[in-house]
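Visitor: For reference, the structure I am asking about is given below.
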Amino acid sequence: MPISLRFALLAFAAAASLTHAAAPDPALLGCWRAAKIVLTTPDGEKAEDISGRCTLQFKDEQFESTCKTSSNGVATTTYRYRIVRPQVYAATMAGSTFKTEMVGTTREYEYHVEGDRLRTVTVPPPKVSVAATTASRVETEASRAACP
């Protein structure tokens, strides 16, 4: 799998179902272009994507990640999301054009909106498990963008 697709998948992928959630954060709503995505693997290797090929569009209860691929295609993934704690949302993958085996998985992200900048970082699972030892840390920096 090309590294840009792996970035897109991991940056916006998901892993644990939550039951209570707050209303959507109006600061998240709208469109964002990822300026930088940094993937850190469990063994400490880092890979960075600064291509700007990925965008997010947040609505009240879902968001869509769209990334242009190196083969001139487009990879689109849809997530349901909920604010679960202040500055933390849980994203559950609802559908994907390229990584269907991950549909239904959930992952938490800490986020911070400052003006037209959005920063996110994955939240490690609360319990150490086999899945946690293979999980990667994903950090993103995005800028507000016009919605299509």
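The values are calculated or read from the model by the stated rules, or taken from the named source; none is laboratory data. A quick note: this is a predicted structure, and the numbers were derived from the prediction, not measured. Note: ideal-geometry Cβ built from the backbone for every residue, glycine included; neighbour counts use all protein chains shown.
Visitor: Enumerate the pairs (first residue in region 50-79 and farther than 14 Å from T140 by Cα and without any contact (Cβ under 8 Å) to a residue 40 or more places away in the chain; second residue anywhere and among the hydroxyl-bearing types (S, T, Y) and assigned to a loop (DSSP other than H, G, I, E, B)) with beta-carbon separation below 8 Å, excluding pairs fewer than 6 apart on the same chain, so at least 6 apart or on different chains.
Guide: Sorted first by the residue in region 50-79, then by its partner, the pairs are V74/T97; T76/T97.
Visitor: Going residue by residue through region 28-50, is there one that turns out to be over 20 Å from V113 (Cα atoms) and touching a Cys at 6+ places or on another chain (Cβ under 7 Å)?
Guide: So far as region 28-50 goes, no, none of its residues is over 20 Å from V113 (Cα atoms) and touching a Cys at 6+ places or on another chain (Cβ under 7 Å).
Visitor: Regarding region 40-59, can at least one residue be identified that is surrounded by fewer than 17 Cβ atoms within 10 Å (Cβ to Cβ), among the charged types (D, E, K, R) and modelled with pLDDT of 95 or more?
Guide: Scanning region 40-59, I find at least one residue that is surrounded by fewer than 17 Cβ atoms within 10 Å (Cβ to Cβ), among the charged types (D, E, K, R) and modelled with pLDDT of 95 or more, so the answer is yes.
Visitor: Hey, another quick one. Those residues that are surrounded by fewer than 16 Cβ atoms within 10 Å (Cβ to Cβ), modelled with pLDDT of 75 or more and outside any strand (DSSP E or B), I need them from region 107-135; list them, please.
Guide: G115, D116
Visitor: When residues of region 80-106 are filtered for being part of a strand (DSSP E or B) and in contact with a helix residue (DSSP H, G or I) (Cβ under 9 Å, 6 or more places away or on another chain), how many remain? Lay out the reasoning, then the answer.
Guide: At the first step, the residues of region 80-106 found to be part of a strand (DSSP E or B) are 80-85, 88-96, 106.
From what's left, in contact with a helix residue (DSSP H, G or I) (Cβ under 9 Å, 6 or more places away or on another chain): 91, 93, 96.
Of the residues in that region, 3 qualify.
Visitor: Further question: Conditions first: (1) at pLDDT 90 or above; (2) of a type outside the set (D, E); (3) within 21 Å of A145 (Cβ to Cβ). L9 passes all but one, so which condition is the exception?
Guide: Looking at each condition in turn, L9 falls short on (1).
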